[in-house]
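J.: Please find one structure pasted underneath; my questions will follow.
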Amino acid sequence: MTDQGNNNQNISQNPFAALFSSLADAKQFASGQKQCQSQSESDNSVSDSIDDNDDSVAEISRSFRSRQELCEQLNVNHMIQRIFLITLDNSDPSLRGSNGIPPRCVYLEEVAADLDGQDWLNMDTIEQALFSRLLLQEPGNHLIYMTSCSVVNLSADRDAGEKRAIPYLYACYCRAKEEITKVPEKLLSYAVHCKNFTVSNARTVLLTPEIYISQNVYEQLLDLLLEAVRGAQFEEVVEFLDEVIASLLADQEVRTFGEVMVPVFDIFQGRVKDLDLCQLLLYSYLEILLYFSRQKDISKVLMEHIQPKDPNSGIQYQKTLLGAILNISCLLKTPGVVENHGFFLNPSRSSPQEMKVQESNIHQFMGQFHDKLYQILKNLLQQSSETRHLLLSWLGGCLQANMGRAKIWANQMPEIFFQMFASDAFFLNLGAALLKLCQPFSRPYSPKLLTFNPTYCLLKELSEEEQRNRNVHARGLDKETCLIPVPPQQTVEFAQSYSLLTENLILTQLTLYLGFHRLHDQMVKMNQSLHRLQGTWRDTQLSGGAAAAELREQFERLMTIYLSTKAATTQLAMLQNCLNLQASCATLLVQLSLGNQGSEHIPLIFPLPALENSLLCFVPEFFAENIGDFFIFLRRFADEVLESSAESLEHVLTFITVFMGNVDRMKNPHLRAKLAEVLEAVMPHMETLSPGAVQPIMFQRQRVFSTYRHAPQLAEALITVFVDIEFTGDPHQFEQKFNYRRPMYAILKYMWGEESYRESIKYLSKIKILQLERDRGEWDSLAPDARREKESSLQMFGQLGRFHNIMSNETIGTLAFLTSGKRRERNQIPLTMDQIRPNEELRQQIMKWLADHKQSNQQMGPSG
């Protein structure tokens with residue numbers, strides 16, 4: 001190998017050769033160094049014969065430094081080219097080395113001309129060069145080859161020719177980060193400087209978007225996030241944006257940070273509002289919203305942005321960004337309009353299996369959707385005290401503005417309803433998200449439950465400062481009817497500050513009352529209408545014609561609405577969360593009825609203690625309404641959930657036992673009568689099914705019902721409310737009273753088959769025995785507690801007697817009512833008593849029944 005070959009090998013193996021763009025540049029530098037070294041050796045050889053020449057040494061030193069600087073400048077130029085994919089060098093690629101330079105760059109001709117032909121980039125020129133690059137409308141038209149390789153490289157063309165400012169700067173940021181990890185220490189500060197340049201230019205782009213013609217930089221920012229969540233570089237984009245946000249916050253003279261983000265939010269809302277529940281794109285946008293809720297500066301601006309223009313208008317909350325998200329559902333976007341609806345179209349032509357698969361698919365997406373909503377709300381609550389206050393204010397204002405949803409008139413005028421209030425989908429999704437927030441304390445014996453303070457509900461309008469300091473954001477609850485009235489002598493001790501648990505529980509129950517309750521009512525009415533339509537349709541099919549076709553179309557449309565509503569309301573995770581909450585609230589109300597204001601649950605013992613300073617007078621009736629409404633819903637539309645929730649059912653039975661027959665703890669007789677319907681819903685039931693239908697499983701319900709430890713008191717409560725109905729409202733409101741009592745017959749029939757209950761409702765002989773004991777004076781010698789117990793028993797059995805008497809007197813009335821369903825001559829007039837013509841066998845049974853009970857009533861005596 002020649003000396004030159006050895007030298008070439010040594011240079012190629014030298015690690016410092018990497019500082020040069022090519023091996024040729026390194027050889028040239030080495031040659032210069034050798035010349036300097038030879039000169040130095042020559043000078044040394046004659047040093048003995050002449051004096052030292054300081055000027056020569058200085059010249060050599062300057063030459064060495066200039067070569068070092070030239071090498072450094074060359075490497076800085078190449079690094080800038082690699083990061084920003086721009087250049088001032090338009091020379092023949094074959095004359096350039098290919099080491100360390102990108103395959104394609106945008107040639108900045110105007111910048112090169114302004115710099116008098118300078119063909120390299122440095123820290124003094126990069127700012128001007130980068131600004132010029134960003135102003136190019138078609139950078140792809142200025143691409144040049146940087147190496148002699150002319151093979152088509154689409155990715156290099158795409159990267160260098162990127163015309164969107166924000167994605168381009170983000171890509172430069174990533175390339176600068178990569179350089180920071182690779183360059184030698186001498187170049188590290190330059191690489192960091194380049195990274196900072198990408199951030200400062202991104203800030204400039206967002207602050208002065210009007211400069212960048214034909215670009216929507218806010219849309220680009222959203223697209224950058226969207227591409228990131230759908231790819232694998234989301235954390236890198238977040239890191240870039242966090243630096244840009246910090247830069248924006250440091251300089252808000254041109255535009256505030258809020259003014260920068262609002263256009264992004266508006267674009268986001270415009271894109272999301274028309275997406276469907278089962279579109280995958282929706283979940284990418286939800287990931288972006290999750291990022292917004294996690295980022296402390298964005299989350300604050302977001303909460304300020306979603307405050308409605310008119311806080312007293314319920315529909316305005318739906319028109320905010322968060323409201324647009326909450327409005328996404330499988331429910332019809334426009335009520336009554338099934339065209340372009342994406343679910344359950346032409347149901348009569350689909351098999352039950354196909355509809356089941358579609359419902360299952362909807363439930364799967366609903367689960368993901370509600371999880372995202374929950375995480376967003378949780379992030380906003382936990383982000384800071386400011387975002388928590390703004391979110392809770394939004395929720396409180398939203399519920400107050402939509403209180404009209406629960407009014408009777410609202411359901412009778414749908415046209416006005418949908419112009420004034422947020423949608424059913426909005427409230428269903430909001431309720432599902434709030435239910436998940438309540439799960440940490442939704443356990444019947446959770447000590448956290450006992451921190452609930454219902455005096456919150458009596459607070460009147462507070463200033464914003466008071467709302468913030470006292471954690472009170474729900475409004476208008478002081479106008480709600482409570483379980484019992486506040487006694488005149490009872491004083492209200494308001495807390496200085498209320499727990500988040502208290503506020504969460506109240507907001508959640510109010511949301512369910514305004515949302516889920518209405519959907520349940522709609523489903524019942526649709527179910528009834530479908531049965532009527534189906535019967536009429538079958539009748540008209542025999543004659544055929546236009547009428548049959550029209551009825552079929554009506555049936556199809558209503559079935560689409562019904563199936564969509566059923567799918568929206570029966571998602572299993574949502575139902576389970578609601579079950580947990582309502583069973584826990586049932587336990588909480590029982591504890592309040594016992595006067596428990598401590599931190600531990602106390603056992604239920606009968607007879608119940610007298611009420612003193614009870615907190616029940618601060619609990620709105622909708623708490624009990626929601627408990628009852630939910631379990632009745634499960635019985636009608638999700639019966640299998642009841643069977644899998646044995647422990648919860650026991651708490652519901654206890655709630656019914658305490659409140660159904662106790663006017664001191666629940667004043668509203670209509671609400672107490674509704675608890676009988678709840679009891680019928682949770683008890684085991686064996687119905688006559690159509691041939692081939694499978695009898696629902698009742699094992700767990702039978703076990704809970706038959707082993708219930710307060711069975712005697714439950715039976716007593718049932719009889720008490722049965723009798724109390726007679727003294728409720730107008731004496732002539734027979735139909736309403738019959739509806740109240742209707743579920744009680746089935747319950748009594750079931751109880752009679754269970755020994756623990758049957759013993760509690762055998763009464764005639766017991767009344768007689770107790771009366772004789774009292775009349776003989778046998779009670780006089782008893783202790784006060786024992787005597788009170790005897791008197792209580794006699795009163796209970798007396799109520800049982802009156803109950804039996806009422807059943808006797810109204811049996812014929814019941815028959816009249818039952819036969820009034822078929823109206824004479826379609827004139828809507830019920831049949832009167834003299835028009836009833838039961839067959840002889842039925843007549844004899846009725847007469848015998850009346851005679852038996854007349855005799856029983858006589859035996860009961862005056863006290864009965």
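J.: From (1) touching a helix residue (DSSP H, G or I) at 6+ places or on another chain (Cβ under 8 Å); (2) modelled with pLDDT of 75 or more; (3) not in a loop (DSSP other than H, G, I, E, B), pick out the condition that doesn't hold for residue 782.
T.: So residue 782 meets the others, but not (3).
J.: Somewhere in the stretch 424-438, is a residue in contact (Cβ under 8 Å) with a residue 40 or more places away in the chain and not in a helix (DSSP H, G or I)?
T.: No, that holds for no residue.
J.: Search the stretch 122-138 for residues that are under 11 Å from residue 164 (Cα atoms) and pair each with any residue that is among the basic types (Lys, Arg) when their beta-carbon atoms are under 8 Å apart and the residues are at least 6 apart or on different chains.
T.: Correct list of pairs: 136/163; 137/163; 138/163.
J.: Listed residues 447, 454, 414; which is surrounded by 22 or more Cβ atoms within 10 Å (Cβ to Cβ) and more than 17 Å from the chain's Cα centre (by Cα)?
T.: None of the other options fit; the residue is 454.
J.: Give me the pairs: first residue in the stretch 439-464 and touching a residue at least 24 places away in the same chain (Cβ under 8 Å) and closer than 17 Å to residue 584 by Cβ, second residue of a type in the set (D, E, K, R) and part of a helix (DSSP H, G or I), beta-carbon distance under 9 Å, and six or more apart or on different chains, which are they?
T.: If the second residue must be of a type in the set (D, E, K, R) and part of a helix (DSSP H, G or I), the pairs left are 441/448; 444/647; 444/650.
J.: Report yes if residue 365 is of a type in the set (Phe, Trp, Tyr), open to solvent by 20 Å² or more (accessible area, probe 1.4 Å) and closer than 24 Å to residue 638 by Cα, otherwise no.
T.: For residue 365, the condition - of a type in the set (Phe, Trp, Tyr), open to solvent by 20 Å² or more (accessible area, probe 1.4 Å) and closer than 24 Å to residue 638 by Cα - is met.
Conditions tested, residue by residue: (1) in contact (Cβ under 8 Å) with a residue 12 or more places away in the chain; (2) of a type in the set (A, V, I, L, M, F, W, C); (3) surrounded by 14 or more Cβ atoms within 10 Å (Cβ to Cβ); (4) in a helix (DSSP H, G or I).
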{"position": "336", "(1), (2), (3), (4)": "yes, no, no, no"}
{"position": "357", "(1), (2), (3), (4)": "no, yes, no, yes"}
{"position": "370", "(1), (2), (3), (4)": "yes, no, yes, yes"}
{"position": "375", "(1), (2), (3), (4)": "yes, no, yes, yes"}
{"position": "378", "(1), (2), (3), (4)": "yes, no, yes, yes"}
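J.: Could you please find all residues in the stretch 83-96 being assigned to a helix (DSSP H, G or I) and buried (at least 17 other Cβ atoms within 10 Å of the Cβ)?
T.: 83, 84, 93
J.: Any residue at all in the stretch 342-351 that's in a helix (DSSP H, G or I) and open to solvent by 60 Å² or more (accessible area, probe 1.4 Å)?
T.: yes
J.: Against the definition (closer than 18 Å to residue 616 by Cα and either among the hydrophobic types (A, V, I, L, M, F, W, C) or out of contact with any Gly (no Cβ under 6 Å at 6 or more places or on another chain) (or both)), how does residue 502 come out, yes or no?
T.: yes
J.: Across the stretch 646-658, what is the total count of residues that are open to solvent by 10 Å² or more (accessible area, probe 1.4 Å) and either at positive phi or not β-branched (Val, Ile, Thr) (or both)?
T.: 5
J.: Ok, one more. Residue under question is residue 613, and the condition is that it be touching a Ser or Thr at 6+ places or on another chain (Cβ under 6 Å) and not aliphatic (A, V, I, L, M); does it hold?
T.: no
J.: Hey, another quick one. Take the residues in the stretch 100-116 that are open to solvent by 60 Å² or more (accessible area, probe 1.4 Å) and out of contact with any Leu (no Cβ under 9 Å at 6 or more places or on another chain); name whichever of them is modelled with the lowest pLDDT.
T.: Filtering the stretch 100-116 for residues that are open to solvent by 60 Å² or more (accessible area, probe 1.4 Å) and out of contact with any Leu (no Cβ under 9 Å at 6 or more places or on another chain), the one modelled with the lowest pLDDT comes out as 116.
J.: Just the residues that are polar (S, T, N, Q) and more than 23 Å from residue 211 (Cα to Cα), please, taken from the stretch 102-153.
T.: Once the filter is applied, which keeps residues that are polar (S, T, N, Q) and more than 23 Å from residue 211 (Cα to Cα), the stretch 102-153 yields 118, 122, 147, 148, 150, 153.
J.: From the list 361, 346, which residue is touching an Asp or Glu at 6+ places or on another chain (Cβ under 9 Å) and under 23 Å from residue 559 (Cβ atoms)?
T.: When all the criteria are applied, what remains is 346.
Condition check ((1) at pLDDT 80 or above; (2) open to solvent by 50 Å² or more (accessible area, probe 1.4 Å); (3) among the charged types (D, E, K, R)) across all residues:
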| position | (1), (2), (3) |
| --- | --- |
| 685 | no, no, no |
| 689 | no, yes, no |
| 694 | no, yes, no |
| 709 | yes, yes, yes |
| 717 | yes, no, no |
| 736 | no, yes, no |
| 740 | no, no, no |
| 749 | yes, yes, yes |
| 763 | no, no, no |
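J.: Given the structure, is residue 490 at pLDDT below 90 and surrounded by 13 or more Cβ atoms within 10 Å (Cβ to Cβ)?
T.: yes
J.: Pick from 612, 680, 625, 640: which is part of a loop (DSSP other than H, G, I, E, B), acidic (Asp, Glu) and surrounded by fewer than 22 Cβ atoms within 10 Å (Cβ to Cβ)?
T.: The unique qualifying residue is 612.
J.: Quick check on the stretch 476-485. Is at least one of its residues without any contact (Cβ under 8 Å) to a residue 12 or more places away in the chain and either open to solvent by 10 Å² or more (accessible area, probe 1.4 Å) or assigned to a helix (DSSP H, G or I) (or both)?
T.: Yes, the stretch 476-485 contains a residue that is without any contact (Cβ under 8 Å) to a residue 12 or more places away in the chain and either open to solvent by 10 Å² or more (accessible area, probe 1.4 Å) or assigned to a helix (DSSP H, G or I) (or both).
J.: If you don't mind, another one. More than 20 Å from residue 521 (Cα to Cα) and surrounded by fewer than 17 Cβ atoms within 10 Å (Cβ to Cβ): does that describe residue 599?
T.: Answer is yes for this residue.
J.: Conditions first: (1) part of a helix (DSSP H, G or I); (2) surrounded by 14 or more Cβ atoms within 10 Å (Cβ to Cβ); (3) over 44 Å from the mean Cα position of the chain (by Cα). Residue 141 passes all but one, so which condition is the exception?
T.: (2)
The values are calculated or read from the model by the stated rules, or taken from the named source; none is laboratory data. None of these values were measured; they are calculated from a predicted model. Cβ coordinates were reconstructed from backbone atoms using ideal geometry, including for glycine residues, and neighbour counts include every protein chain displayed. Heavy atoms of the whole protein, side chains included, go into the accessibility calculation; ligands, DNA and RNA do not. Shrake-Rupley method; radii C 1.70, N 1.55, O 1.52, S 1.80 Å.
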